1. Which percent, nearest 5, of DSSP beta bridges in the chain are antiparallel?
2. What is the local net charge at Leu184, summed over the other residues whose Cβ is closer than 12 Å to its Cβ (Lys, Arg +1; Asp, Glu -1)?
3. Need one number: nm distance between label points at Arg159 and Ser235, each 7 Å from Cα along Cα→Cβ, rounded to one decimal.
4. Can you give the net charge of the other residues whose Cβ lies under 11 Å from the Cβ of Ala254, counting K and R as +1 and D and E as -1?
5. Let's see if you can work this out: charge +1 on each Lys and Arg Cβ, -1 on each Asp and Glu Cβ, no other charges. What is the dipole magnitude of segment 101-176 about its Cα centre, in debye to the nearest 20?
6. How high is the FRET efficiency between Asn112 and Asp89 when r is their beta carbon distance and R₀ equals 22 Å, given to the nearest 0.05?
7. For the residue pair Gln101 and Glu253, what label-to-label distance in nm results when each label sits 7 Å from Cα along the Cα-to-beta-carbon direction?
8. Do any cysteines of the chain lack a neighbour Cys whose Cβ is under 4.7 Å away, and which are they?
Amino acid sequence: MTDAAPTVPTEGVLGSCFYCRTDVQAGHEGRAPFYSPIARKILVAHRECEAKAKQRDADAREAAFRESVDAQIGEIVKHVPPSLRVSFDSREFKARVKHPQLRAVAARYAPNCPVLTLLGPTGSGKSSTAAAIVDRLVREAADKSMAERSLDPFWFARRIRWAKTYSLVRARREHPLGEGEAPLVKGAIDASLLILDDLGNEPADPVIFEVLDARYDCSAPTLVTSGLRQPEIRSRYGDAAWRRMSQLGAVVEAWA
Ligand SMILES: Nc1ncnc2c1ncn2[C@@H]1O[C@H](COP(=O)(O)OP(=O)(O)OP(=O)(O)O)[C@@H](O)[C@H]1O
Ligand SMILES: [Mg+2]
Ligand SMILES: [Zn+2]
């Protein structure tokens, strides 16, 4: 007797599925030629099911990770005053910030110089530029994070802090003596990148120099915005403070 009609291998089930009442089993791909046409169809159909299930799992993992990335972004961005949040490549940003040098800073600043000082008149867009920089750094971290499937790339952005100078002075003054440093001041000193916003708008207090100096000592980058002119900063905060800001950092002026 020559080859009988191909029979379905007997080990295990080989039936059902057809989207997807499962069972199937029996043999492996290498034995597929011995399967009956119907068994082969079941195998092929169920392979599709398995591919779809795999894709669904991958999509679910992707979505779950995306959620944790979005949560990180939210945690970081909440340090930026809500009314200032803006993306450097948005129309909103271009509407708020006209000065070409501020725009360039927003697009290109990397936190690798000790102090970057943005000077210019009120409304010129200094704070919006700082907000756009935070947004960009956070988004860069998010992209890297998605690519690497790890939250590690957020290590720097996670410790970005925003402090209005008058909030620092108030925090220092309201903090009880003998209880260490005010949390806001401590956060400003320990930040990976500190936005020191609105220099000159606070009552005179040594806390501003202390923060600048502490950060300077450990080469932690600070981004200062101020509506003061250079000579005013010098006379108000002293030569030592101005030296940290100018000679050892960079100053961008956005006067009309
Ligand atoms: N949430 C907002 N919605 C719309 N326009 C805004 C918003 N925030 C700021 N602006 C506008 O964007 C421009 C830049 O504002 P921004 O606060 O960045 O300037 P600034 O240089 O920091 O000013 P200041 O020295 O007064 O702090 C201003 O014309 C301001 O009115
Ligand atoms: Mg401002
Ligand atoms: Zn199936």
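Readers should treat all values here as calculations from the given coordinates under stated rules, not as data from a laboratory. Because the structure is a prediction, the values reported are computed rather than measured. Counting neighbours? That spans all protein chains shown, and the Cβs are built from the backbone with ideal geometry, glycine included.
1. Working: 1 of 19 bridges.
In the chain, approximately 5 percent of DSSP beta bridges are antiparallel ones.
2. Details: positive: Arg161, Lys164, Arg170, Arg172, Arg173, Lys186; negative: Glu174, Glu181, Asp190.
Net charge in that neighbourhood comes out at +3.
3. 3.8 nm
4. Working: positive: Lys98, Arg103, Lys126; negative: Glu253.
So the surrounding residues net to +2.
5. Working: 14 positive and 6 negative charges, 59 e Å.
The dipole magnitude comes to about 280 debye.
6. Details: r = 21 Å, r/R0 = 0.97.
Here the calculated transfer efficiency is 0.55.
7. 0.7 nm
8. When partners are defined as cysteine Cβ atoms under 4.7 Å apart, the chain leaves Cys17, Cys113, Cys218 without one.
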